[in-house]
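**Q** Questions regarding the structure given below will be posed in turn.
The values are calculated or read from the model by the stated rules, or taken from the named source; none is laboratory data. Since this is a predicted model, take the numbers as computed values, not measurements. So basically every Cβ, Gly included, is an ideal-geometry build from the backbone, and we count neighbours across all protein chains shown.
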Amino acid sequence: MSSSASPALDADQVIFVGTGGGRMTTALQARATGGLWVVLDGARVHIDPGPGALAHIRGRPLQLDPTRLDAIVLTHKHLDHSGDVNAMIEAMTEGGTQRRGMVLAPGDAYDSDPVILRYVRDYAASTTVLEVGGRYQIGGMVLETPLRLRHPVETYGLRLVSRRRTVGLISCTGYFPELEVEFQTDLLILNVVFRNPRDEIHLAVPDAGRLIAAIRPRLAVITHFGLTMLRARPWELADALSQETGVRVLAARDRWRLGLDAELGT
C-alpha cells in the first residue's frame with residue numbers, strides 16, 4: 001500500500017470514499033459503498049455515490065464539503081453506485097437553495113425506473129445524459145465516456161482528462177478487447193467484484209490482470225470488492241497482479257486519499 005502523506009484538499013487526488021461493490025457487500029456494509037471523490041485541476045467530481053456516501057464524506061476522517069462539488073456522476077444506476085445520489089444532489093445544492101453543479105448519468109437513470117428523483121433535477125445548474133463518445137467539460141477537466149460497457153443496465157467507463165494526467169475508471173462490465181484501447185490512462189481504476197470469473201458482466205481478478213498488462217498504466221488500483229475479493233485479501237491479490245503484469249497495482253481501502261502528484265509525479 002502507498003505510504004505517501006495525505007495530499008492537500010485542492011491537490012490532484014482520488015479519494016476512495018468506499019471500496020465495496022455487489023449486492024452482499026452492500027447489504028452487509030462489509031466495505032463502504034461511497035464511490036470516488038476525484039480532484040483534477042481544481043475540479044471536484046463525486047462518482048457513484050452508493051449507500052452511505054454522504055455520511056462517509058461528511059464524517060471523520062474525510063470531512064469533505066459537498067457544496068464544493070462541481071459534478072456528481074453515475075456510471076450506472078445500480079444501487080451500490082446510486083443509493084445516495086439524491087442525498088448528494090441535495091447536499092451539493094444546499095437543499096436546492098443554491099443552483100449549482102452538474103449531474104451526469106446514463107439516460108435510464110432518469111427515464112426507465114429512474115434513480116434520480118424528478119424533484120431534485122432542477123436543483124443542479126445542469127443535468128446531462130451521458131452518451132457513447134461524450135466529452136463533458138467540468139471546470140478544468142474533461143470527462144469522456146468512450147464506451148458503453150457490458151452490463152445489464154446502461155453503463156459507461158470514464159476517462160478524466162486534465163492538463164497533466166489522465167484517470168480511467170472501468171466500472172462494472174465484462175471484459176472485451178476495446179477496453180484495452182480506450183482506457184489508455186496514467187492511473188487506471190478497475191471495479192473488480194469477483195476473485196474468480198463468475199459471469200460476463202463483472203470483472204474478476206484474471207480480467208483485471210489482462211487489462212492492466214495490455215494498458216500498462218503508470219499505476220493501477222483495484223476497488224469495488226465483492227465478498228470473494230474481501231475473503232481473498234485484496235492487498236495480496238494486488239501484489240500478485242503487480243508481479244504478474246510488471247505494473248504497480250494497489251488495492252483501495254475505504255476513505256483512502258491517493259495523492260496523484262506523489263504517486264504519478266508532478
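**Q** Are any residues in segment 212-233 under 10 Å from G21 (Cβ atoms) and part of a loop (DSSP other than H, G, I, E, B), and if so, which ones?
**A** H224, G226
**Q** For residues that are more than 18 Å from D12 (Cβ to Cβ) and part of a strand (DSSP E or B), tally how many sit in segment 238-266.
**A** Qualifying residue count for the region: 2.
**Q** Here is a follow-up. So, in segment 117-138, of the ones that are more than 18 Å from the chain's Cα centre (by Cα) and part of a loop (DSSP other than H, G, I, E, B), which residue ends up nearest to T166 (Cα to Cα)?
**A** G133
**Q** Suppose the filter is exposed (fewer than 15 other Cβ atoms within 10 Å of the Cβ), under 15 Å from R44 (Cα atoms) and not aliphatic (A, V, I, L, M); does Q137 pass it?
**A** Values: exposed (fewer than 15 other Cβ atoms within 10 Å of the Cβ): yes; under 15 Å from R44 (Cα atoms): yes; not aliphatic (A, V, I, L, M): yes.
For Q137, the condition - exposed (fewer than 15 other Cβ atoms within 10 Å of the Cβ), under 15 Å from R44 (Cα atoms) and not aliphatic (A, V, I, L, M) - is met.
**Q** Return the pair list, or none, for Cβ contacts closer than 9 Å from residues in segment 187-216 that are on the phi < 0 side of the Ramachandran plot and of a type in the set (S, T, N, Q) to residues that are modelled with pLDDT of 95 or more and part of a strand (DSSP E or B), at least 6 apart or on different chains.
**A** Within 9 Å, the pairs are N191/L169; N191/I170; N191/L203; N191/I222; N191/T223; N191/F225; N196/A204.
**Q** Find the residue count for segment 96-113, including only residues that are over 18 Å from A43 (Cβ atoms) and surrounded by 15 or more Cβ atoms within 10 Å (Cβ to Cβ).
**A** 4
**Q** What are the pairs, 6+ residues apart or on separate chains, where a residue within segment 244-266 that is over 20 Å from R164 (Cα atoms) and modelled with pLDDT of 95 or more has its Cβ under 7 Å from a residue that is assigned to a loop (DSSP other than H, G, I, E, B) and hydroxyl-bearing (S, T, Y)?
**A** As it stands, the answer is L250/S2; A252/T19; R253/T19; D254/T19, since those pairs meet every condition given.
**Q** Within segment 72-90, does at least one residue satisfy the condition of being small (G, A, S) and on the phi > 0 side of the Ramachandran plot?
**A** Looking for residues that are small (G, A, S) and on the phi > 0 side of the Ramachandran plot, one finds none in segment 72-90, hence no.
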